[in-house]
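**Q** For reference, the structure I am asking about is given below.
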Amino acid sequence: MMKRILFVMLLGLVVVSCEKNTENTMTLTGNIKGLKKGTLYLQQAKDSTLVVLDSLEINGDGSFTFTEEVENPDIYYLYLNKKDNNDINDRITIFGEPGLITVKTSWNTFDTKAEITGSKSQEKMEEFYDMASKFNIKELMLVQQAGLPQFQNDSLALDSLQNQIDQNTIRKYRYALNFGLHNGDSYATPYLMLAEASQANPKYLDSIYKGLSPEVAESKYGKMLKELLDQN
């Protein structure tokens, strides 16, 4: 009888242990359409260096699955070595978090048309960059316009273009800060403030930090945002 009780207790401990591990496990799965041969790497930046966490040789089937323990939602990368001697457009950025995350893409548009689902942090990051890209495109158009001969020889026209560029930059920062103020419950928020708005007025960044949920404030990027503020 005693042996039976001990067995049940040990089994319970194993189950609890497995449940705890599962809570923090990220399962990254998907398919790379059209890929016949290559190596897929799961990477993460550590101490300013990209570290390979796992890899998978693909031969004839573009399906893949990686599992990784995630202490805090964080940025991960899927890097595809297609063995074509070309490193361009071969890396996808993913805001990883515990749970099932699915990636669907194609070998020839690996990073440009990847569809990533299952990560709330990823959704917020994509929402931000979808809007930010519009500001970037407008700035590029204005800069290209300023390089045309008819503007190079017209100081008033150049001044007008420069004013438009400056106003576009201001609007871009306003959008970033407004996004931060209204998304304090997203782990993507402190990451985006660090990546895209670190030069903004510290008092605005401080307001964003104070609006973070306790869990987000204690996350990796929440702590990094606090360190940035402490330096000012």
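**Q** Any chance you could give the angle, 0 to 90 degrees and rounded to 10, that helix 220-231 forms with the longest Cα principal axis of the chain?
**A** 50
**Q** Have a look at Ala217, Ala188, Ala146 and tell me which one the Gaussian network model of the chain (Cα, springs below 10 Å) gives the largest fluctuation.
**A** Ala146
**Q** Still on this structure, I have one more. Using the alpha-carbon atoms, what tilt in degrees (0 to 90, nearest 10) does helix 155-182 show relative to the longest principal axis of the chain?
**A** 30
**Q** Here's another thing I want to ask about it. Return the Rg/Rh ratio of the stretch 106-232 with Cα-based radii and a Kirkwood Rh.
**A** When Rh is taken as the Kirkwood radius, the ratio is 1.09.
**Q** Let me ask another. For a quick check, take a GNM of the chain with Cα springs below 10 Å and name the residue from Lys172, Lys124, Lys36 with the largest mean-square fluctuation.
**A** Result: Lys36 has the largest fluctuation of those listed.
**Q** Give me the net charge of Tyr187's neighbourhood, meaning all other residues with Cβ under 13 Å from the Cβ of Tyr187; Lys, Arg count +1, Asp, Glu -1.
**A** Charge balance near Tyr187 sits at -3.
**Q** Quick one: what Rg and Dmax do you get for the chain from the alpha carbons, in Å?
**A** 22.9, 96
**Q** Quick check for me: using +1 on Lys/Arg Cβ and -1 on Asp/Glu Cβ, what's the dipole size of the chain about its Cα centre, in debye to the nearest 20?
**A** The dipole magnitude comes to about 400 debye.
**Q** Please give the per residue accessible area of the chain, computed with a probe of 1.4 Å over protein heavy atoms only, in Å².
**A** Here the per-residue accessible area is 62 Å².
**Q** Something else: Which one of Gln145, Ala132, Val51 is farthest out on the positive end of the charge dipole of the chain, using unit charges on Cβ (Lys, Arg +1; Asp, Glu -1) and the Cα centre as origin?
**A** My answer, from the dipole projection, is Val51.
**Q** Let me ask you something else. Please build a GNM for the chain, connecting alpha carbons under 10 Å apart, and tell me which residue among Val103, Val51, Val216 fluctuates the most.
**A** Between Val103, Val51, Val216, it is Val51 that shows the largest mean-square fluctuation.
**Q** Moving on to the next point. If you average the sequence gap of Cα pairs under 8 Å that are 6 or more apart and divide by the length of the chain, what percent do you get for the contact order?
**A** It comes to 15 percent, rounded to a whole number.
**Q** Rounded to the nearest 500, what is the 222 nm mean residue ellipticity of the chain from helices alone, with -39500 (n - 2.57) per DSSP H run of 4+ residues and division by all residues?
**A** One gets -16000 deg cm²/dmol as the mean residue ellipticity at 222 nm.
**Q** Okay, moving on. Run down the lysines and flag those whose C-alpha is under 26 Å from the C-alpha of Lys120, throwing out any fewer than 8 positions away in its chain.
**A** Answer for Lys120, where 26 Å is the Cα cut-off: Lys20, Lys33, Lys46, Lys104, Lys134, Lys172, Lys210, Lys220, Lys223, Lys226, listed by chain and number.
**Q** What net charge do the residues around Ser160 carry, taking every other residue with its C-beta under 12 Å from that of Ser160, with Lys and Arg at +1 and Asp and Glu at -1?
**A** Every neighbour counted, the sum reads -3.
The values are calculated or read from the model by the stated rules, or taken from the named source; none is laboratory data. Treat the numbers as computed from the prediction; the structure is a model and nothing was measured. Neighbour counts run over all protein chains shown; Cβ positions are idealised from the backbone, glycine included. Just the protein is used for accessible areas: all its heavy atoms, side chains included, with ligands, DNA and RNA removed. Shrake-Rupley method; radii C 1.70, N 1.55, O 1.52, S 1.80 Å.
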